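The values are calculated or read from the model by the stated rules, or taken from the named source; none is laboratory data. This one's a predicted model, so the numbers in the text were calculated from it and none came from an experiment. Virtual Cβ from ideal backbone geometry, glycine too; neighbours counted across all protein chains shown. The area values use the complete protein model at the heavy-atom level, side chains included, leaving out ligands, DNA and RNA. Shrake-Rupley method; radii C 1.70, N 1.55, O 1.52, S 1.80 Å.
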Amino acid sequence: MDVGNARVRLVLGAWAGKRVVVAGGAGFIGTHLARALIMAGAEVALVDNLSTGRADRTPAPLTVADIAGLERLPLPTAEIVFNLACPASPRAYQADPVQTWRTSVMGTWTLAHLALAEGARIVQASTSEVYGDPLVHPQTEDYAGNVALTGPRACYDEGKRAAEVLLYDLAQTRGLDIRVARIFNTYGPGMAQGDGRALPAFFEAARAGQPLRLEGGGGQTRSFCHVDDLVRGLMALALCEPARGVPVNLGNPDERTIREAAETVVRLTASASPLVEVAAAVNDPRRRCPDITRARSLLGWEPQVGFEVGLRSMLADSD
Ligand SMILES: NC(=O)c1ccc[n+]([C@@H]2O[C@H](COP(=O)([O-])OP(=O)(O)OC[C@H]3O[C@@H](n4cnc5c(N)ncnc54)[C@H](O)[C@@H]3O)[C@@H](O)[C@H]2O)c1
């Protein structure tokens, strides 16, 4: 992992000997985070129900369990609990929307109470989806969002919103020590094949010589953050005292259209695949771009991996 900015580099030294639980630790981001924590000297234990994660690449001991039914943390006297447990791809979270809701809300409830009992801090992986289809650009943390309460994305978007509310209320009423990361689209090696998210889907299609499908024409934008940058941000946020109790956007403000992303993948893979326009997904956000002023000032964090460099890191990833 590229350790990046100077203030973030200083924080890395503070992980030595820390006892850390990563819920969702067998997933895409969880696996990268666990590796980075171990490299920084932390003692790490993972919990995951393997619904979208993989047990064969986890870098730390794994307890296979659903977080909503967890009776104890997998690491006694844990100091920090990262809650990344929740399917992130629309295909996965829409396959069982009730389970997605249960994971977000009851899972966060359970982990938060276990953290309270242990006196541990909880770092919540929230999402830019709390802004829905935003009417304000770029999105600051103060923007209340434009979220559909019905429809196929609601289980995820509203589940993540409810989880945030629960954490703020537990912080206020019970003194729970919380950090909340609002994560924007993250990519990199290790994303699950076939999970339907745009970049891995483009790579799969380009490699197979199949058409790259541009839902809604591909004019919608996303701001893609490389997983190495995100992991640095999560680790800095977890140890940042002034960030206690306030949401912090973590994302790359480099906004691009989905069409541009597809064209770049075709070029990097030297593929002959065509781009085809298909119907838009329901409630698909048209624009997405983080305002990261708060992350810059509180964490000294800045994304460093450029889009093409980041995409090249996925090129070799056929696992
Ligand atoms: N990747 C992104 O672009 C992105 C953007 C915003 C927010 N996030 C959030 O970051 C977190 C990690 O995302 P990811 O991309 O690694 O997704 P992922 O699907 O690869 O990983 C999620 C992990 O959680 C596990 N899980 C799901 N439900 C569980 C449950 N009830 N109990 C225990 N484990 C459970 C899965 O098996 C998987 O290993 C998620 O909470 C997601 O909402 C991700």
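Shape of segment 27-158 from its Cα gyration tensor (a ≥ b ≥ c, root eigenvalues): rounded if a/c is under 1.5, otherwise prolate when a/b > b/c, or oblate?
Working: a/c = 1.74, a/b = 1.61, b/c = 1.08.
Prolate, since a/c reaches 1.5 and a/b exceeds b/c.
Quick one: helix 258-268 against the long Cα principal axis of the chain, what's the angle to the nearest 10°, folded into 0 to 90?
Roughly 80 degrees, rounded to the nearest 10.
Given H placed on each backbone N at 1.01 Å, which residues far from Ile183 in sequence or on other chains put an amide H within less than 5 Å of it?
HN-HN under 5 Å from Ile183: Ser126, Thr127, Ser128, Leu250.
Given +1 on the Cβ of Lys and Arg, -1 on the Cβ of Asp and Glu, and no further charges, what dipole in debye does segment 40-87 carry about its Cα centre, rounded to the nearest 20? Please list the in-between numbers first.
Working: 3 positive and 6 negative charges, 23 e Å.
Here the size comes out at about 100 debye.
Let me make sure I get this right: for segment 265-319, a, b and c are the square roots of the gyration tensor eigenvalues over alpha carbons, sorted descending. Under 1.5 in a/c it's rounded, otherwise prolate if a/b > b/c, else oblate. Which is it?
Working: a/c = 3.16, a/b = 1.37, b/c = 2.31.
Oblate.
Rounding to the nearest 20 debye, state how big the charge dipole of segment 110-170 is about its Cα centre with +1 on each Lys and Arg Cβ and -1 on each Asp and Glu Cβ.
Numbers: 4 positive and 9 negative charges, 26 e Å.
So the dipole magnitude of segment 110-170 works out to roughly 120 debye.
Before anything else, pin down the relative contact order of the chain: Cα pairs under 8 Å, at least 6 apart, normalised by residue count, whole percent.
Working: 670 pairs, mean separation 59.5, N = 319.
Reported as a whole number, the value is 19 percent.
When the accessible area of the chain is split by element with a 1.4 Å probe, what percent falls to carbon and sulfur? Before the final figure, lay out each step's value.
Working: 6780 of 12750 Å².
Answer for the chain is 53 percent, counting heavy atoms of protein chains only.
Highest mean first, how do 250-257, 295-302, 279-286 rank when packing is the count of other Cβ atoms within 10 Å averaged over residues?
Details: 250-257: 20.8, 295-302: 18.9, 279-286: 14.2.
Put in order of decreasing packing, that is 250-257, 295-302, 279-286.
Given bins 20 angstrom wide, list per bin the percent of all Cα-Cα distances in the chain, short to long.
34, 60, 6
Note down the relative contact order for segment 65-118 as a percent, whole number, built from C-alpha pairs under 8 angstrom at least six residues apart. Intermediate results must be reported in sequence, preceding the final value.
Numbers: 41 pairs, mean separation 32.0, N = 54.
Relative contact order comes out at 59 percent.
Per residue, how much accessible area does the chain have with a 1.4 Å probe, in Å²?
Details: 12750 Å² over 319 residues.
Averaged over the residues of the chain, the accessible area is 40 Å².
Could you work out the helix-only [θ] at 222 nm for the chain, with each DSSP H run of four or more residues adding -39,500 (n - 2.57) and the total divided by the number of residues, to the nearest 500 deg cm²/dmol? Present the calculation step by step, with values, prior to reporting the outcome.
Working: 11 runs with 112 residues, N = 319.
About -10500 deg cm²/dmol.
Of all DSSP beta bridges in the chain, what percent run antiparallel (nearest 5)? Walk me through the numbers before you get to the answer.
Numbers: 3 of 38 bridges.
Among the beta bridges of the chain, antiparallel pairing accounts for roughly 10 percent.
Under 11 Å from a label point 7 Å along Cα→Cβ of Ala144: give me every residue in segment 265-294 with its amide N that close.
Zone members listed by number: none at all.
For segment 1-157, give the share of DSSP beta bridges that are antiparallel, in percent and rounded to the nearest 5; count only bridges with both residues there.
Values: 0 of 17 bridges.
About 0 percent, rounded to the nearest 5.
With +1 on each Lys and Arg Cβ and -1 on each Asp and Glu Cβ, how big is the dipole of the chain about its Cα centre, in debye rounded to the nearest 20? Provide the component values of the computation, followed by the final result.
Values: 32 positive and 35 negative charges, 58 e Å.
With Lys and Arg at +1 and Asp and Glu at -1, about 280 debye.
Report the local net charge at Gln124: Lys and Arg +1, Asp and Glu -1, summed over other residues whose C-beta lies under 14 Å from its C-beta. The partial results should precede the final answer.
Values: positive: Arg121, Lys160, Arg161, Arg179, Arg182, Arg244; negative: Glu129, Glu141, Glu164, Asp169, Asp177.
My count for the surroundings of Gln124 gives +1.
Roughly how tilted is helix 154-174, in degrees to the nearest 10 and between 0 and 90, from the longest Cα axis of the chain?
20 degrees
Just order 45-56, 124-135 by mean Cβ neighbour count inside 10 Å, highest at the front, would you? Walk me through the intermediate numbers first.
Working: 45-56: 19.5, 124-135: 22.9.
Final packing ranking: 124-135, 45-56.
Between Tyr168 and Thr264, what FRET efficiency follows from the Cβ-Cβ distance if R0 is 41 Å, with the result rounded to 0.05?
Working: r = 39 Å, r/R0 = 0.94.
It comes to 0.60.
I'd like the distance between the alpha-carbon centres of segment 86-158 and segment 192-210, rounded to an integer number of Å.
Measuring centre to centre over Cα atoms gives 25 Å.
Give the peptides 99-110, 207-218 in descending order of average Cβ contacts within 10 Å, highest first.
Values: 99-110: 22.1, 207-218: 16.0.
Peptide ranking by packing, descending: 99-110, 207-218.
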